[in-house]
Each structure stands twice: as structure tokens, then as C-alpha cells.
1. Restricting the stretch 46-70 to residues that are part of a loop (DSSP other than H, G, I, E, B) and of a type in the set (Asp, Glu), which is surrounded by the most Cβ atoms within 10 Å (Cβ to Cβ)?
2. When you look at residue 16, is it outside any loop (DSSP other than H, G, I, E, B) and at pLDDT 95 or above, yes or no?
3. Residues 38, 73: which one is more than 10 Å from the chain's Cα centre (by Cα) and surrounded by 12 or more Cβ atoms within 10 Å (Cβ to Cβ)?
4. Show the residue pairs that are 6+ apart or on different chains and have beta-carbon atoms under 8 Å apart, the first residue being within the stretch 20-33 and assigned to a strand (DSSP E or B), the second being modelled with pLDDT of 95 or more and not hydrophobic (A, V, I, L, M, F, W, C).
Amino acid sequence: MPHCFGQFLTSIQLIQITINGNPRSFDAEITTVAALVEKLGLVGKRLAIERNGEIVPKSTFAEVPLQNGDKLEIVGAVGGG
């Protein structure tokens with residue numbers, strides 16, 4: 001039984017991404033900014049994302065890949081008046 005458990009653990013792939021200064025681990029299936037936004041429950045929210053020092057246009061979230069070690073800053077828009 002322990003042998004099977006070890007095989008299960010080695011089959012799980014994780015990537016490390018730093019979000020707003022906090023290191024986080026995600027399933028390697030989170031391959032794009034859009035997938036991360038969905039995983040974090042931020043779909044439909046007004047936000048800006050910077051990846052490794054470059055702004056990611058919202059229109060490209062689905063195309064911009066995430067890689068192990070990426071550094072993201074995610075800022076939500078705040079309305080007011």
C-alpha cells in the first residue's frame with residue numbers, strides 16, 4: 001500500500017507562483033493567467049495583472065502562459081466617488 005501512495009504523490013505536479021508577494025502552489029493544470037483567475041474566483045471582477053513586471057492585457061489572459069517561478073501582482077479595481 002505505501003508503494004501505491006508514493007506513486008500517487010509523484011504523479012502530482014505543482015507549480016510555484018508568487019502572488020502579491022506570497023508564494024503559492026497550484027496544480028500544473030493552471031497553465032494560463034485565465035485559468036489562475038478562474039481558480040482564484042476572480043472571473044468577472046475588474047482587475048489588473050502584472051506578470052514578471054509586465055502588464056497583462058485582460059484580452060490576452062487566456063493566451064499568456066504561467067510558468068514555475070512567475071511573479072504576479074493582482075490588483076482589484078475599486079469604485080467610488
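1. Ranking the candidates gives 70 first.
2. yes
3. 73
4. 23/16; 24/16; 24/18; 25/16; 26/39; 32/63; 32/65
The values are calculated or read from the model by the stated rules, or taken from the named source; none is laboratory data. Keep in mind that this is a model prediction, so the values were computed, not measured. Note: ideal-geometry Cβ built from the backbone for every residue, glycine included; neighbour counts use all protein chains shown.
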